[in-house]
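Here's the structure we're looking at; comments come further down.
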Amino acid sequence: MKSVIFDLDGTLVDSQPLQFLAYKKAFNEIGLKLSWEEWKEYWVKSSIDAYEWATLKKLHYNVEHVRNRKKEIYEKLIKNNLKAKPGAISLVKELRKNGFKLAVASSSRIESIKLIVDILFGQTFDVLQSDTELGKRKPHPEIFLITMKKMNASPSETVIIEDSVGGYKAAVSSGAICVICPDKTVGCNYNFPQAKKIISSLRDINSEEIMNLINK
C-alpha cells in the first residue's frame with residue numbers, strides 16, 4: 001500500500017511561532033524566559049522537550065505544570081490563529097483522492113495533533129501518532145516505524161515529508177523515502193544529503209511525483 005507520512009509542526013501547519021509563544025507565556029508565568037533563538041536552536045533543531053530544557057539549562061521548575069499550562073495557551077492560539085502551510089490542504093486531498101494511505105507523525109501531544117487535524121483537515125488521515133507516547137523521540141526513527149506498522153505499510157512504499165533536521169534523521173533511519181520541505185519560519189542551514197527530494201513548498205510536489213519516488 002502506497003503511503004505518505006507527514007510531520008505536523010512546520011510541515012503541514014505554520015505552528016512553530018504559536019508553539020513558541022505558548023511556551024514563552026507559560027515560562028513567563030513562573031519567572032523564566034525563553035527566546036525565539038533558543039526555541040529555534042534547541043526545541044526545533046535539536047527536538048528537545050521541557051524536561052530536557054530543564055536539564056540543559058539547570059533550571060528547577062515543575063515540568064508537568066509548564067507543559068499543561070502551555071497546552072492550555074496553545075489550544076486557544078490554534079483555534080484563532082493557526083494556518084496550514086501553502087499547498088498542504090490541497091496536497092492531502094489529492095493524495096487521498098488517489099488512494100494513498102495517510103498519517104501524521106509528530107512530536108506534539110496527541111491532543112494537539114487531533115485538534116489541529118480536525119480544524120484544518122477533517123477526517124483525512126488513517127493514523128495520527130505522537131512520539132510523546134513513545135520511549136524515544138525524533139531523531140530516533142521509532143515514531144515512523146510504529147506509524148508504518150499501524151498503516152501496514154512498508155518503508156519502500158512510504159514517503160515521509162519532514163521539515164526539520166531531527167525529522168530528517170528519523171525518516172532516513174526508518175528506511176522510508178524522505179522528502180524535505182524546510183520550514184522557512186525557523187530557517188535551516190542544514191544539508192539533507194539522503195533526502196530523495198527537497199522542495200521549498202508543498203505546492204511543489206503532487207501525487208504523481210510521490211508515486212514516481214516510490215516506484216524508482
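List of remarks:
- Considered as a group, the residues in the range 30-55 that are modelled with pLDDT of 95 or more and surrounded by fewer than 12 Cβ atoms within 10 Å (Cβ to Cβ) include one that is farthest from LYS76 (Cα to Cα), and that residue is THR55.
- The sole residue among TYR190, TYR168 that is surrounded by fewer than 18 Cβ atoms within 10 Å (Cβ to Cβ), not assigned by TED's automatic domain parsing to the domain that holds GLU41 and not hydrophobic (A, V, I, L, M, F, W, C) is TYR190.
- Inside the range 113-165, residues that are surrounded by fewer than 22 Cβ atoms within 10 Å (Cβ to Cβ), more than 16 Å from VAL13 (Cβ to Cβ) and acidic (Asp, Glu) make up a count of 4.
- Selection within the range 171-187 - surrounded by 18 or more Cβ atoms within 10 Å (Cβ to Cβ) and either under 12 Å from the mean Cα position of the chain (by Cα) or at pLDDT 95 or above (or both): ALA171, VAL172, SER174, ALA176, ILE177, CYS178, VAL179, ILE180, CYS181, PRO182, ASP183
- Strands (runs of 3 or more DSSP E) completely within the range 105-216 that count 3 or more residues being without any contact (Cβ under 8 Å) to a residue 40 or more places away in the chain: 127-130, 177-180
- Comparison of VAL13, VAL44 shows that the only residue that is within 30 Å of GLU208 (Cα to Cα), of a type outside the set (Gly, Ala, Ser) and touching a helix residue (DSSP H, G or I) at 6+ places or on another chain (Cβ under 7 Å) is VAL13.
The values are calculated or read from the model by the stated rules, or taken from the named source; none is laboratory data. What you see is a predicted model, and the numbers here were worked out from it, not measured in a lab. Quick reminder, even Gly has a Cβ in these numbers, built from the backbone with ideal geometry, and neighbours come from all protein chains shown.
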